[in-house]
Amino acid sequence: MQFMNWNDRLSTGVADIDADHKRLLGMANELFDAIMSGSGKEALGSLFDRLSEYAETHFKREEALFEGSNYPDVARHKQEHRQFTLWVNDARSRFHNGAIAGPSLEVMDYLKDWLFDHIAGRDKQCSRYLAKGVVWA
Ligand SMILES: [Fe+2]
Ligand SMILES: [Fe+2]
């Protein structure tokens, strides 16, 4: 079962960035499916490794696009990336020490909020600014 399909609300129009975001959406869908089907801990086996790898590679790629531009939100945007990385590292260790025992609603909620708030919000505004120089309030 899918949590959400890829849609225009998520699209930044930057191919590499959209490809990364699709990867993250795929992980959210995978987790949602595991929750809905009542899968056990093994369903999360590689998920945290991939989330951690995503945070490392995707944020670098995205920050390289806006650093050095006149994008006015660099500090706040990078801060949100740092918060995601801290959260992933924390959730990953809680998974490995047994505090997160299986497909977790907490993790699902965090990913859902990230997709709507950061990707459909901050990332989208950022790509609009870089493409058109549109400044928002
Ligand atoms: Fe992003
Ligand atoms: Fe971002």
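Brief remarks on what is shown
- Diffusion of region 56-125 by Stokes-Einstein, at 4 °C in a medium of 1.567 mPa s and with Rh set to the Kirkwood radius over alpha-carbon pairs, works out to 97 µm²/s.
- For region 53-71 versus region 101-135, the gap between their alpha-carbon centres in whole angstrom: 14
- Label zone at THR85, where the point sits 7 Å out along the Cα-to-Cβ direction: region 37-67 residues whose backbone N lies under 13 Å: 52-64
- For the chain: relative contact order, % (alpha-carbon pairs under 8 angstrom, 6 or more apart): 36
- Within straight-line reach of LYS60, meaning a Cα separation under 19 Å, sit the following lysines at least 8 residues removed in sequence or on another chain: LYS22, LYS78, LYS124.
- Translational diffusion of region 90-137 was estimated from the Stokes-Einstein equation, with Rh taken as the Kirkwood radius over Cα pairs; at 37 °C and 0.692 mPa s the coefficient is 256 µm²/s.
- Restricting region 47-137 to GluC sites (Glu not before Pro) in coil, as DSSP defines it, with at most 13 other Cβ within 10 Å: GLU67
- Only protein atoms count toward the accessible area here, which uses a 1.4 Å probe; on region 24-137, the carbon and sulfur part of that area reaches 53 percent.
- Shown are MET36, MET27, whose ranking by accessible area with a 1.4 Å probe and every protein chain present, most to least, is MET36, MET27.
- Label sites at ARG76 and LYS112, each approximated as a point 7 angstrom past Cα along Cα to Cβ, lie 2.5 nm apart.
- A simple count of charges around ALA64, restricted to other residues whose Cβ falls under 15 Å of its Cβ and scoring Lys, Arg +1 and Asp, Glu -1, yields -4.
- Dividing the Cα radius of gyration of region 5-137 by 2.2 N^0.38 Å, with N the residue count, gives 1.10.
- Whole-number accessible area per residue in Å² for the chain, which is evaluated in the context of all protein chains at 1.4 Å: 53
The values are calculated or read from the model by the stated rules, or taken from the named source; none is laboratory data. These numbers were taken from a predicted model, which means no experiment stands behind them. Positions of Cβ are backbone-derived with ideal geometry, glycine not excepted, and every protein chain shown enters the neighbour counts. Just the protein is used for accessible areas: all its heavy atoms, side chains included, with ligands, DNA and RNA removed. Shrake-Rupley method; radii C 1.70, N 1.55, O 1.52, S 1.80 Å.
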